[in-house]
Amino acid sequence: MENQMEKLKKVFSLNNYEAKLYWAALNFESASLSDLAKGAGIPRTAAYRHVQNLVDKGFLLIFKLKKRKLYQALSPKQLRYLLERKMVTLEEITDDLVERISVPEKKLAISYYSGIEGVQIASDIWLENAKTKFGKSFENVEGTILQHGTKQVAQCINKRVSKGIGGRMIGSGQIDSPILKDVLRKDKAELRESIVVSHKIYPIKASFGVLDDMVIIFTTEENPFAVLIKNQDVADSVNSIHDMVWDRYNP
């Protein structure tokens, strides 16, 4: 239980009291403030503010029965909707920030996104802003799949394919890796041409992608983050470097 509660706190940025109170609420069909405080093992006077925070965040529903104020926990199966709502809000905020930090004439815009959620949001923005149907990338394929998960990587690829965006990928890794072999096998279905280069010669730790005038840089290892750079000169430079490596291995 402690392990699951720690995961809950980390994913949803809950403090210790909030996590305990939500966990306690799951044991009741409906509960009073006193019930929740007792179930969580914390003083009633300390519980009120944290219960209200849970209501504001959507983890607890509040209703009245006669003169009693009761609380009901959001079903665990519905927690993913809180994350989806959070991601939509973050996307709206970051889109606005990209506009605000642009230099005069909008020749440059840089935005930073933290965490796995941030990587997913940056990837969505990168794809949504694509005007052409062809991109190029350098990718730490094995690292991304091992750290981010096969399902999550597949979701990103499916979004790209659904928009009809193809491209060329230079993957860094061990040539005989089962993970890379599986990726290469899906090239045609995923609208991609791929080559694999030695991770010893080209030790790509972070992944790079370029579409039109926008470059994405991200890593899913240790401290995941992503950076979006909207600038034609930077995009052209990444394109040129990609072409040099591609032509060397695929003349």
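The values are calculated or read from the model by the stated rules, or taken from the named source; none is laboratory data. Because the structure is a prediction, the values reported are computed rather than measured. Methodologically, a virtual Cβ is constructed for each residue, glycine included, from the backbone with ideal geometry; neighbour enumeration extends over all protein chains shown.
Considering the stretch 23-57, the residues that are within 22 Å of Lys67 (Cβ to Cβ) and either among the acidic types (Asp, Glu) or out of contact with any Phe, Trp or Tyr (no Cβ under 9 Å at 6 or more places or on another chain) (or both) include one that is surrounded by the most Cβ atoms within 10 Å (Cβ to Cβ), namely Asp35.
Selection within the stretch 8-17: residues that are of a type outside the set (Ser, Thr, Tyr) and modelled with pLDDT under 80. The member of this set that is surrounded by the fewest Cβ atoms within 10 Å (Cβ to Cβ) is Lys10. Within the stretch 224-251, restricting attention to residues that are more than 27 Å from Ala109 (Cβ to Cβ) and not in a helix (DSSP H, G or I), the residue that is modelled with the lowest pLDDT is Pro251. Against the list (1) touching a Leu at 6+ places or on another chain (Cβ under 6 Å); (2) within 28 Å of Ile116 (Cα to Cα); (3) surrounded by 19 or more Cβ atoms within 10 Å (Cβ to Cβ), the condition Lys20 fails is (1). Here Ile204, Ile216 are screened, and the one residue that is touching a residue at least 60 places away in the same chain (Cβ under 8 Å), under 16 Å from Glu139 (Cα atoms), touching a Gly at 6+ places or on another chain (Cβ under 6 Å) and of a type in the set (Val, Ile, Thr) is Ile216.
Among the residues of the stretch 62-76, not a single one is on the phi > 0 side of the Ramachandran plot, outside the structural domain of Val153 (by TED's automatic domain parsing), at pLDDT 80 or above and not in a helix (DSSP H, G or I).
Cβ-Cβ contacts under 9 Å between residues 6 or more apart (or on different chains), taken from a first residue in the stretch 223-247 that is touching a residue at least 60 places away in the same chain (Cβ under 8 Å) and assigned by TED's automatic domain parsing to the domain that holds Ile125 to a second residue that is assigned to a helix (DSSP H, G or I) and of a type in the set (D, E, K, R), are listed as Pro224/Glu117; Lys230/Lys106. Within the stretch 1-51, how many residues turn out to be part of a helix (DSSP H, G or I) and of a type in the set (S, T, N, Q)? Residues meeting the conditions: 5.
Residues in the stretch 28-41 that are over 21 Å from Pro76 (Cβ atoms) and not small (Gly, Ala, Ser): Leu33, Lys38. Of all positions in the stretch 67-75, at least one carries a residue that is within 28 Å of the chain's Cα centre (by Cα) and surrounded by 15 or more Cβ atoms within 10 Å (Cβ to Cβ). For the stretch 17-36, residues that are free of Cβ contacts under 8 Å to residues at least 40 places away in the same chain and over 34 Å from the mean Cα position of the chain (by Cα) total 4. Total residues in the stretch 191-223 satisfying the condition of being crowded, with 17+ Cβ neighbours inside 10 Å, at pLDDT below 90 and part of a loop (DSSP other than H, G, I, E, B): the figure is 4.
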